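In what follows, a single structure is set out as structure tokens and then discussed.
Nothing in this text is a laboratory measurement; each read-out follows from the coordinates by a stated rule. Treat the numbers as computed from the prediction; the structure is a model and nothing was measured. Positions of Cβ are backbone-derived with ideal geometry, glycine not excepted, and every protein chain shown enters the neighbour counts.
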Amino acid sequence: MIKNVVDGVIKFRADHKLFPCAECQSYGSLERWRQVFWRLKLIGQNDNLYGGAGYGNISHRIQGARFLISGSQTGAQPNLYADGYACVDDVFFAENAVTSRGEVLPSSESMTHAAVYVANPAISMVLHVHSPLIWAHYSALEVSTIAADIGYGTLAMAEAIRVEVKRLSARGQNHGEIVMLGHEDGVIAWGETAELASMRMLDLYTRATRLKMQEKFVKPR
Ligand SMILES: [Zn+2]
């Protein structure tokens, strides 16, 4: 089955085999963290946001270019099971296409995840969340950014992410975060392990929350 995956503005072509896949059974370690981010509303779905499209997704590398990722338009669901995850076998950046398997199509943001994995073979987990709080404070948080004129779901975005992750990795750092200024509220974090990637994102979120609290308590003169 060849499907164009479109959530909001993002699209790519998935040559997808729609049946249960063995790799999807190992969704547990991802789901554990997804539930944390879902409860924080960093992954989810809201009728008043992003045209009602589900947002945020989570993946881990299986081997080489192959990775397991939450399915397209699963944001509204508090819990996912094996049938809520898809295995991306291969990514073809130049064609904006993937080959994949599972009972659901892979997240429309799969190309972004793939770009991170390609940049550094030591990275095993990628998280993409939407956080107005982190987005609003990216400068004070001193987080890496991708320029606002680079649109989400474009090849230019995938390439910019690959280059930035590679640059940060060259410092001997296999974890990090990027705010995508061309993707409203969009933030990604990655790490050598699920724990490291998730803790990076949680740390960023906590620091952004603290900044907001401080703003609240600064009285206008
Ligand atoms: Zn997004």
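log10 I(q)/I(0), Debye, Cα-only the stretch 2-217, no solvent, q = 0.18 Å⁻¹? Listed by q, the Debye log ratios stand at -1.35. Net charge in the neighbourhood of Met1 (other residues with Cβ under 9 Å of its Cβ; Lys, Arg +1, Asp, Glu -1) is +1.
Working note: Karplus 6.51/-1.76/1.60 with θ = phi - 60° gives the stretch 140-153 the couplings 5, 7, 6, 9, 4, 10, 10, 4, 5, 7, 9, x, 6, x Hz, where Gly and Pro are set to x. Each Lys or Arg adds one and each Asp or Glu takes one away; over the other residues whose Cβ falls under 15 Å from the Cβ of Ile150, this sums to -4.
Converting phi to 3J(HN,Hα) with the Karplus coefficients 6.51, -1.76 and 1.60 and the offset θ = phi - 60°, the stretch 168-173 yields 5, 5, 5, 7, x, 10 Hz in sequence order, with x at every glycine or proline. Compute the label zone of Leu211 within the stretch 132-160: residues whose backbone N is under 11 Å from the point 7 Å along Cα-to-Cβ. Those under the cut-off are 133-144. One decimal place: the segment Asp149-Glu192 gains 12.5 nm when fully extended, by the rule 0.36 nm per residue minus the C-alpha distance. Its Cα gyration tensor gives the stretch 39-79 an equivalent ellipsoid. The semi-axes, each the square root of 5 times an eigenvalue, are 24, 10, 8 Å from largest down. Relative protection proxy for 111-117, 199-205, from highest mean packing down: 111-117, 199-205 (other beta-carbon atoms within 10 angstrom).
Using only alpha-carbon positions in the stretch 118-202, the gyration tensor eigenvalues give semi-axes of 19, 15, 11 Å once each is multiplied by 5 and square-rooted (largest first).
Along the charge dipole of the chain, pointing to its positive end and built from +1/-1 on Cβ of Lys, Arg, Asp and Glu, which listed residue (Trp190, Ala136, Phe12) has its Cα farthest out? The residue sitting farthest along the positive end of the dipole is Ala136. Against the chain, whose longest principal axis is taken from its Cα atoms, helix 194-217 shows a tilt of about 30°.
Among Val104, Met201, Ile146, which residue has its Cα positioned farthest towards the positive end of the charge dipole of the chain, with +1 placed on the Cβ of Lys and Arg, -1 on the Cβ of Asp and Glu, and the dipole taken about the Cα centre? Checking the options against the dipole of the chain, the answer is Met201.
Between Ile188, Ile69, Ile146, the Gaussian network model of the chain with springs among Cα atoms under 10 angstrom shows the greatest mean-square fluctuation at Ile146. Sparsely packed loop sites in the stretch 1-108 (the trypsin sites (Lys or Arg not before Pro) outside DSSP H, G, I, E and B with at most 16 other Cβ atoms within 10 Å) comprise Lys41.
Using a cut-off of 15 Å between beta-carbons, work out the net charge of the residues near Glu23 (Lys and Arg +1, Asp and Glu -1, Glu23 not included). Combined, the nearby Lys, Arg, Asp and Glu give -1. For the pair the stretch 142-221 and the stretch 31-102, the centres of their Cα atoms are 18 angstrom apart. In this structure the amide hydrogen of Ala97, modeled in the peptide plane, comes within under 5 Å of the amide hydrogens of Arg13, Phe92, none closer than 5 places in sequence on its chain.
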